[in-house]
Amino acid sequence: MSTLIYAHRGASKQAPENTMPAFELGYKQGADGIETDVQLTKDGIPVLIHDETVNRTTNGTGFIKDLTYQELSALDAGSWKSDTYSDTRIPTLDDLLAWNKEKNLKLNLELKNNIISYPSIEKIVTEKLKDYNMVEQSVISSFNHNSIALLDSLNVEVDYALLTSKRTSDLISYSKDIHARGIHIRYRLLSNRFVTNAKQNGLYVAVYTVNSPLSISKVLRLGCHAMFTDVPKRALEIKQRNK
Ligand code: G3P
Ligand code: MG
């Protein structure tokens, strides 16, 4: 099985992260999938943005949880990257799913509920995937492992995976207990031993954030299920060369 290339927050090296232009660029560059971060506005709308506040990536200030969708949608989410993107808005999950209808890319929806807990985010996101008939090509992940365990109890058909930057001894057994499909690990945790162990336990391994040629090559060499990269074009070129 060949390693899937996910555009991390879209093709986020070139275009403003987690925006439609970044997703579009990832698609054009040939990525297999899009990784994006989901948070909830004050009025419960799932939106795609990495930080808990709008401060870094828009011209506004404040926490997502304190802003209504209407307030949020007035913000410029592109100029911080380049003037070319000044008309860019924070997308909703609906925007991404509607856009993906014809493209059918794989999706990794990362619930950003490890710092702020968003009530019912698990249910809101899975219902959206069902509405758009996009359960099959999607995987939900989170650094909040209780949230992932909750998906198990919700009994939905969607795949889910633990996300971690730390090696803990029970990662694999816990993933199995909650019927996760895989584990998404930070690159520095990657080893042949870990991948083999996970595979033997029926779990796939995906790796973030993989941008340098050396790290891209290592992820490919170890036969990981997927990588998340800000530079999908580069990853695809290396994958092609190594075929
Ligand atoms: O989902 C993989 C990766 O995106 C996790 O870290 O901080 O880039 O969302 P972060
Ligand atoms: Mg993420």
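In this label model, Glu157 and Lys101 are separated by 2.0 nm, measuring between points 7 Å along each Cα→Cβ vector.
Between Thr88, Thr126, Thr168, the GNM of the chain built on Cα springs shorter than 10 angstrom shows Thr168 fluctuating the most. Checked against a 25 Å cut-off, the cross-linked pairs Lys103/Lys239; Lys176/Lys239; Lys13/Lys239; Lys112/Lys176 give Cα-Cα distances beyond that limit for Lys176/Lys239. For the range 1-75, the list of trypsin sites (Lys or Arg not before Pro) that fall in a loop by DSSP and count at most 10 other C-beta atoms within 10 angstrom reads Arg56. Candidates Gly62, Phe23, Ser215 compared by Cα position along the dipole of the chain: farthest toward the positive end lies Ser215, with charges placed on Cβ. Would you please classify the overall shape of the range 175-243 from the alpha carbon gyration tensor, given that a ≥ b ≥ c denote the square roots of the eigenvalues, rounded means a/c under 1.5, and beyond that prolate means a/b larger than b/c while oblate covers the rest? Prolate, since a/c reaches 1.5 and a/b exceeds b/c. As a proxy for reagent exposure, Ile116, Ile5 were ordered by neighbouring Cβ count within 10 angstrom, fewest first; the result is Ile116, Ile5. Sites counted here are GluC sites (Glu not before Pro) in a DSSP loop (not H, G, I, E or B) having no more than 14 other Cβ atoms within 10 Å; the longest part of the chain that contains none of them is 1-135. Put in order of Cβ neighbour count within 10 Å, fewest first, the listed residues His184, His145 become His145, His184.
Using Cβ point charges alone (K and R +1, D and E -1), the dipole size of the chain about the Cα centre works out to roughly 1340 debye. Label the range 74-138 by shape, choosing from rounded, prolate and oblate, from the square roots a ≥ b ≥ c of the eigenvalues of the Cα gyration tensor; if a/c is under 1.5 it is rounded, and otherwise prolate applies when a/b is larger than b/c, oblate when it is not. Taking the square roots of the gyration eigenvalues as a ≥ b ≥ c, the range 74-138 is oblate. Just Ala149, Ala98, Ala198 to compare: in a GNM of the chain, with alpha carbon springs under 10 Å, which one fluctuates most? Residue with maximal mean-square fluctuation among Ala149, Ala98, Ala198: Ala98. For the chain, what does the alpha-carbon gyration tensor say about shape, rounded, prolate or oblate, given a ≥ b ≥ c as the root eigenvalues, a/c under 1.5 as rounded, and a/b over b/c as prolate? Oblate shape, in that a/c is at least 1.5 and b/c is the bigger or equal ratio. Taking the Cα centre of the range 1-78 as origin and assigning +1 to Lys and Arg Cβ atoms and -1 to Asp and Glu Cβ atoms, the resulting dipole is close to 160 debye. Beta-bridge orientation, the chain: approximately 15 percent antiparallel, per DSSP, counting only bridges with both partners inside.
A short reminder: the numbers here are calculations on the coordinates, not readings from a lab. Everything numeric in this text was worked out from a predicted model, so none of it was measured. For neighbour counting, all protein chains shown are included, and Cβ atoms are generated from backbone atoms with ideal geometry for every residue, glycine included.
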